[in-house]
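Contents: one structure, followed by commentary.
The values are calculated or read from the model by the stated rules, or taken from the named source; none is laboratory data. Model, not experiment: these values are computed from the prediction. Reconstructed Cβ throughout: ideal geometry from the backbone, glycine too, with neighbour counts over all protein chains shown.
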Amino acid sequence: MKLHNKYNLPQTIADALRDQQANYHKGDAWKSITGLMAPPRIGILSSENWNKMSEDLSDQVWKIFGSAVHNILDSGQSNSHIKEERLFMEIDGKTISGALDVQEITDYGIIVTDYKVTKTRSVMPDSFVVPGWTAQLNCYAELVEQNKNLPVTDLKICAILRDHELRRTDQQGYPPSPVHIIEIDLWSPEERREYISQRIAAHVEAEKMFASTGFLPLCTDEERWKRGDKWAVMPSAEAKRAKRVFETEEEASELADTNDKFVVEHRPATAVRCEGFCNVSDFCDQYQGELK
């Protein structure tokens with residue numbers, strides 16, 4: 001992938017971002033946990049178009065911020081904490097790896113914690129990213145139990161909220177602190193292995209399909225982080241902020257009927273991942289077809 005410096009970031013930052021990309025590796029594994037969880041379409045398109053792909057360094061600034069946070073948190077000393085360890089396991093004939101941020105050894109087993117530098121909305125009720133974090137940490141739990149012969153007792157996300165606003169902490173559901181802990185549901189070993197096997201099968205089948213036909217399976221709405229249609233009630237036709245946003249047109253119309261100035265604005269569902277978080281969207285016939 002080519003990295004551009006359109007906004008002339010300082011050379012030290014540019015060098016650090018380029019080094020970070022160059023130094024990433026998943027070890028001697030078929031896929032990493034994050035690669036396994038990604039849609040097969042993205043994985044194959046990335047492999048096929050890596051030398052054609054490009055990104056501006058400004059889009060990667062938060063990655064280096066996340067790495068800096070990891071480095072600071074990893075510098076503390078503790079005999080009961082294992083930090084930044086990459087583990088491997090073999091399932092269905094495929095070697096999978098994952099880099100765990102923190103494993104805390106207790107008298108009862110191991111607590112796995114993963115750092116996330118993210119936006120505040122990611123940890124608020126009905127977050128669309130928490131299900132992905134849940135799957136990721138349960139895959140880590142399987143890695144730990146296969147390597148350490150100790151049970152995983154708890155899974156946690158330590159979210160560092162880069163846009164946290166103190167003045168909003170009195171709002172319902174808004175986290176009170178810029179460092180927010182999320183307790184992640186721990187699946188049974190059977191559930192974990194079934195999920196991993198299903199992800200392996202999805203990637204293997206996609207690779208076979210692409211090799212034989214040149215076609216790829218479509219990404220699902222869930223994989224595309226596609227949110228449903230919304231209907232916003234605007235205070236007036238000129239207003240820029242909604243009075244309320246509803247899941248159905250009927251609910252919005254009911255409120256709009258209470259005031260002659262209110263206007264209902266339809267907000268179509270958007271594929272959030274495709275629009276701003278997918279490096280292969282330019283090469284994806286599914287997304288490009290929708291744009292046309």
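So for the stretch 10-22 (the condition being in contact with a Gly (Cβ under 7 Å, 6 or more places away or on another chain) and farther than 15 Å from residue 141 by Cα), does at least one residue qualify?
First, pick out the residues of the stretch 10-22 that are in contact with a Gly (Cβ under 7 Å, 6 or more places away or on another chain): none.
Scanning the stretch 10-22, I find no residue that is in contact with a Gly (Cβ under 7 Å, 6 or more places away or on another chain) and farther than 15 Å from residue 141 by Cα, so the answer is no.
Looking only at residues of the stretch 198-225 that are among the charged types (D, E, K, R) and buried (at least 17 other Cβ atoms within 10 Å of the Cβ), we find that the one that is farthest from residue 281 (Cα to Cα) is 199.
Name the residues in the stretch 250-274 that are surrounded by fewer than 14 Cβ atoms within 10 Å (Cβ to Cβ), at pLDDT 90 or above and either touching a strand residue (DSSP E or B) at 6+ places or on another chain (Cβ under 8 Å) or under 24 Å from residue 34 (Cα atoms) (or both), would you? Within the stretch 250-274, just 266 meets the criteria. Filtering the stretch 105-119 down to residues that are in contact with a helix residue (DSSP H, G or I) (Cβ under 8 Å, 6 or more places away or on another chain) and of a type outside the set (Ser, Thr, Tyr), which residue is surrounded by the most Cβ atoms within 10 Å (Cβ to Cβ)? Per the stated criteria, the residue is 112.
Any idea which of 196, 184 is in contact with a Ser or Thr (Cβ under 9 Å, 6 or more places away or on another chain) and closer than 20 Å to residue 114 by Cα? Talk me through it step by step, then tell me what you get.
Values: 196 fails: in contact with a Ser or Thr (Cβ under 9 Å, 6 or more places away or on another chain).
Every option except 184 fails the conditions.
So which residues in the stretch 159-170 are closer than 26 Å to residue 102 by Cα and loosely packed, with under 13 Cβ neighbours inside 10 Å, if there are any at all? Residue satisfying the conditions is 163 alone.
Please return the ranges of strands (runs of 3 or more DSSP E) entirely within the stretch 1-101 where 3 or more residues are at pLDDT 85 or above and buried (at least 17 other Cβ atoms within 10 Å of the Cβ).
Working: elements: 2-4, 54-56, 81-91.
Counting at least 3 such residues, we get 81-91.
State yes or no: is residue 223 outside the structural domain of residue 102 (by TED's automatic domain parsing) and out of contact with any Leu (no Cβ under 8 Å at 6 or more places or on another chain)? Judged against the criteria, residue 223 is a match. For the stretch 52-67, the criterion of being touching a Gly at 6+ places or on another chain (Cβ under 9 Å) and either of a type in the set (A, V, I, L, M, F, W, C) or in contact (Cβ under 8 Å) with a residue 12 or more places away in the chain (or both) is satisfied by no residue at all.
Among the residues of the stretch 171-181, is any over 17 Å from residue 100 (Cβ atoms), among the small types (Gly, Ala, Ser) and in the same structural domain as residue 140 (by TED's automatic domain parsing)? Yes - at least one qualifying residue is present in the stretch 171-181.
Name the residues in the stretch 85-132 that are of a type in the set (Asp, Glu) and farther than 30 Å from residue 204 by Cβ, would you? Write out each step before concluding.
Applying the first criterion (of a type in the set (Asp, Glu)) to the stretch 85-132 yields 85, 90, 92, 101, 104, 107, 114, 126.
Passing the criteria: 104, 107, 126.
One residue stands out in the stretch 275-290 among those that are under 19 Å from residue 50 (Cβ atoms) and exposed (fewer than 15 other Cβ atoms within 10 Å of the Cβ): the one that is modelled with the lowest pLDDT, namely 277.
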